[in-house]
Amino acid sequence: MTRQHVRRLTLFMLLAPFLLWILLMIVLPHLGIFALSLREKVAPLVYTIGPKNYLDFLREPIYWNTLLRTASISILVTALTFLVGFPIAYYIAKIAGRRVKGALFLACLIPLWVSDLVRAYGWMILLRETGVVSSVLQWTGIVDGPVELLYNDATVVVGLVYTVVLFMIVPLASTLEGMDDSLIEAGYNLGGSGFTVMRRIVIPYAMPGIVAGSIIVFMLTAGSYLTPILLGGKNSMWFTEQIYEQFITRFNWESGATFGILLLLFTSLTVWLGLRLSGQSLATTVARSEA
Amino acid sequence: MRACKLFPALLSALLVAMSASSWAQDTLRLLTWGSYAPENVIERFEKETGIEVEVTYSNNEEMISKLRATGGGGFDLAQPSHDRIHAAQLEYNIYKPMDLSMIDTSVYDTSLLGAVKENTTIDGETYSVPHFWGTSGLVVNRKEAPDLKSFSDLCDPRYKGRISMRLKRTILIGMGYAMGEDPFAAYGNMTEYGRIIDAAAEKLIECKDNVKTYWTGGDDLSNLLRSGEIVASDAWDGTAFKLNTENSDINFTPPAHGALGWIDTFTLPRKTRAEEAAYKWINFVMQPDVAKMMSSHSGYVTAHRNGGDLTSDQLKQSFNDAFSRQDIANIKWFANIPPGLEDIEGKVLERIKAAR
C-alpha cells in the first residue's frame with residue numbers, strides 16, 4: 001500500500017460514520033416515507049399505488065390552510081427572532097468585554113439545558129389565568145379580574161421566539177466577531193451616521209450569519225411540536241400536529257407520510273426562495289458564518 | 001494507543017447491551033394508562049417475583065399505533081380498551097391470543113369477564129381479560145354550575161370560556177346521545193353514523209367559544225378544575241372521583257342520556273417476549289389487597305368480583321355520591337369499533353379543531 005492509499009483509506013474511515021448516519025438515518029427513512037405516501041388505501045388491508053393522498057391534501061382546505069398558517073407564523077417568528085437576536089449578538093461580539101462575553105453566551109445557553117416540555121410548562125405556569133403574571137397584574141391593580149394570557153397566537157409566537165432565539169444569536173455573533181472593527185471606524189471617519197454604518201457596513205457583512213441563523217430558526221419553528229400545541233390551546237393548528245393526528249388518531253399512515261413529505265418540500269422551497277431573495281447561496285452562508 | 005484501550009471498553013458495553021436483551025424474561029414491559037401502574041404495586045411485584053417492570057404511559061390510539069409500527073413488538077403486555085381489540089387485530093394483527101388457563105378467572109366479576117371475552121374473541125380465540133372499568137361522562141363543579149347535567153349543557157352560553165373537553169371520539173358520541181341519537185346502534189351503518197357525528201360536530205363548533213382549551217390527559221384536566229379555571233368538562237369518572245376527594249364541590253355527573261362505559265383490558269402484544277411474566281402480573285394485580293391498592297390510586301373500579309368494595313372509603317363515597325342504581329343500569333357500553341370508523345371520526349375532529 002502506498003502512502004496515498006493509506007491517506008485515502010483514513011479519509012474514508014473518518015467519513016464512514018457520517019455517511020452511514022446520512023444514509024441510514026436521513027435518506028432511507030425519507031425514501032420509505034415517500035413510498036408510503038404513494039400508497040392508497042382501498043379497503044382494510046388492500047392497497048394500490050397512486051397520487052390520491054396528495055390530491056386529498058389539495059382538496060381539503062383545512063390541510064393547506066394549516067400549512068400556510070404554519071409557514072407564515074414561522075416566517076414572522078424568524079423576523080422577530082432576528083430583531084431580538086441582532087442587538088444581543090452585536091453586543092456580545094463588538095461591545096462586551098472578554099469576561100462579560102462568556103457570561104452572556106452562558107446566559108443564552110442555560111435555557112437549553114432544560115427540555116422543551118419543561119420550558120413550555122414554565123410558560124404555562126407564568127401565563128395561565130391563575131398564573132404568576134395574572135396574579136401580579138391583579139395585585140398591582142392594573143387589571144380587575146384574572147386575565148388569560150395562554151391559548152392565543154401571540155403567546156405561541158412569543159414562546160417560539162424564546163425557544164429558538166439562541167440559534168439566531170450564535171451564528172450572528174460569530175460572523176460579527178470576524179468583522180474587523182476598523183471597517184466600522186472607517187465608516188464613521190467618512191462621515192456616516194450610526195444608522196448608515198449599520199445599514200451599509202455591518203448588515204451586509206453579517207448577511208451570511210443572518211441567513212444561516214434564519215434558516216435554522218425557520219426550520220426549527222416550522223418543525224416544532226410542543227410549544228405551539230401547549231401554548232396555542234384550542235385554536236392551535238400546527239402542521240406537525242396534523243401529521244401526528246394522521247399517524248396516531250386516524251391510523252392513516254399514508255396521509256401522514258404525505259404530509260411529512262409536503263412539509264419537507266414546502267420548507268425547503270421557502271429556504272430556497274429566501275436565499276434567492278437575499279442573494280446568498282448555501283455554500284457562502286455556511287462557510288462564512290462558521291469562520 | 002488510546003484507541004486500543006477504547007476498543008475493549010466498547011466491546012464490553014456492547015456485550016452488556018446484548019445480554020440485557022437476552023435477560024428479557026426478567027423484565028415486563030407494560031404499555032398502559034397513566035395511574036394504572038402505581039409505584040407501590042410495582043415495588044411489591046418486583047420483590048415477590050424478581051421481575052422488573054418497565055412502564056410506558058399511553059392512550060388507546062397510541063397503543064395501537066405503537067404496536068402497529070413494530071408488528072406487535074416492543075412491549076410484553078398492553079392495556080387497550082375492550083372496543084379496541086377486534087378491529088385492530090383484524091386490520092393490523094398486533095395481538096396474541098391469551099391462554100386463559102394461565103389466569104385465575106375465578107376472581108373476576110363474571111359479567112365483566114363475559115363482556116370482554118365476547119368483544120375480543122376472534123375465530124374462537126380470546127385476546128383479552130378485563131382489568132379496570134369506568135365510564136365517561138361529565139365532571140362538574142356543582143357550586144359553579146349546579147344544573148349542568150348533559151353533554152349539551154356544555155354548550156350553555158352561561159359557561160362561556162369556562163368549559164373544557166377532550167377532543168377525541170368520546171365527545172362526538174356523548175354529544176350524539178345528548179341530541180337524542182344512538183351512535184353505537186349506528187356503528188354498522190357508516191352513512192347513518194356519519195350523519196350523527198356530523199350533527200354533533202356542528203354543535204361542538206357552534207359552542208367552541210365555551211371551550212377554554214382541550215385537555216389531553218388526566219393531570220391536565222385536574223389542574224384546570226382545581227384552579228377553578230373551568231367549571232365542567234367531559235371526563236373519565238376515576239379522574240373526577242380523585243378530584244372529589246380534594247374538593248367536595250367537584251364530582252362526576254353521569255349524563256341524563258347515560259354514561260359511556262368502557263373496560264380497559266389486559267392484552268398480549270403479538271411479539272411479547274415475557275408472556276409468563278405478563279400472566280404473573282395479571283394474576284398479581286387481581287389479588288384483593290393489590291386490587292385495592294390499584295383502585296385507590298387510579299380512582300377506577302377493578303374487574304375483581306368484589307371490585308366495588310376493593311377501593312378506598314373516600315372513593316367509595318365519591319362513587320355512591322355520583323351514581324344512583326338507575327345511573328348504573330343506564331350505562332351505555334362502548335361497542336366494538338368497526339374498521340375505518342376512526343378515520344371518519346378523525347376528519348370530523350380535525351374540522352372542530354380548525355374552526356374559529
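The values are calculated or read from the model by the stated rules, or taken from the named source; none is laboratory data. This structure is a prediction, so every number in the text was calculated from the model and none was measured. Don't worry about glycine lacking a Cβ; one is built from the backbone with ideal geometry, like all the others, and counts go over all protein chains shown.
Data for the structure
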read-out: Meets criteria (away from chain B (no Cβ under 14 Å), in contact with a Pro (Cβ under 7 Å, 6 or more places away or on another chain), assigned to a helix (DSSP H, G or I) and under 25 Å from residue A:207 (Cβ atoms)) for residue A:175; value: yes
read-out: Tabulated pairs, region B:208-235, first farther than 17 Å from residue B:143 by Cα, second of a type in the set (Asp, Glu) and surrounded by fewer than 21 Cβ atoms within 10 Å (Cβ to Cβ), C-beta under 7 angstrom, 6+ apart or interchain; value: B:212/B:229
read-out: Number of the exception - residue A:30 against (1) buried (at least 16 other Cβ atoms within 10 Å of the Cβ); (2) farther than 22 Å from residue B:349 by Cα; value: (1)
read-out: Filtered residue count, region B:45-80, keeping only those that are polar (S, T, N, Q) and within 14 Å of chain A (Cβ to nearest Cβ); value: 5
read-out: Hits in region B:203-216 - residues which are more than 13 Å from residue A:235 (Cα to Cα) and within 12 Å of chain A (Cβ to nearest Cβ); value: B:204, B:207, B:216
read-out: Residue that is farthest from the other protein chains (Cβ to nearest Cβ) [pool: residues in region A:63-99 that are more than 24 Å from residue A:159 (Cα to Cα) and touching a residue at least 60 places away in the same chain (Cβ under 8 Å)]; value: A:94
read-out: Check on residue A:21, surrounded by fewer than 16 Cβ atoms within 10 Å (Cβ to Cβ), within 21 Å of the chain's Cα centre (by Cα) and of a type outside the set (A, V, I, L, M); value: no
read-out: Complete set of residues in region B:256-277 that are farther than 24 Å from residue B:334 by Cβ and buried (at least 20 other Cβ atoms within 10 Å of the Cβ); value: B:272, B:274, B:277
read-out: Residues within region A:140-163 that are away from chain B (no Cβ under 13 Å), assigned to a loop (DSSP other than H, G, I, E, B) and among the hydrophobic types (A, V, I, L, M, F, W, C), tallied; value: 2
read-out: Checklist (1) under 18 Å from the mean Cα position of the chain (by Cα); (2) modelled with pLDDT under 95 applied to residue A:250, failing item; value: (1)
read-out: Evaluation of residue B:78 against (1) without any contact (Cβ under 8 Å) to a residue 40 or more places away in the chain; (2) closer than 24 Å to residue B:343 by Cβ (one fails), failing number; value: (1)
read-out: Among the residues listed as A:239, A:195, A:218, the single one being surrounded by fewer than 21 Cβ atoms within 10 Å (Cβ to Cβ), more than 10 Å from chain B (Cβ to nearest Cβ) and aromatic (Phe, Trp, Tyr); value: A:195
read-out: Meets criteria (away from chain B (no Cβ under 14 Å), surrounded by 15 or more Cβ atoms within 10 Å (Cβ to Cβ) and farther than 26 Å from residue A:274 by Cα) for residue A:37; value: yes
read-out: Region A:242-255, subset free of Cβ contacts under 8 Å to residues at least 40 places away in the same chain and on the phi < 0 side of the Ramachandran plot, residue farthest from the other protein chains (Cβ to nearest Cβ); value: A:243
read-out: All positions within region B:241-290 that are touching a residue at least 12 places away in the same chain (Cβ under 8 Å) and hydroxyl-bearing (Ser, Thr, Tyr); value: B:245, B:253, B:265, B:267, B:272, B:279
read-out: Residue within region B:256-267 that is hydrophobic (A, V, I, L, M, F, W, C) and closer than 20 Å to residue B:41 by Cβ present; value: yes
read-out: In region B:342-356, the residues that are of a type outside the set (D, E, K, R), in contact (Cβ under 8 Å) with a residue 60 or more places away in the chain and at the interface with chain A (Cβ under 10 Å from one of its Cβ atoms); value: B:344, B:349, B:352, B:355
read-out: Qualifying residues in region B:327-341 (those that are within 30 Å of residue A:60 (Cα to Cα) and outside any helix (DSSP H, G or I)) - the one nearest to the other protein chains (Cβ to nearest Cβ); value: B:339
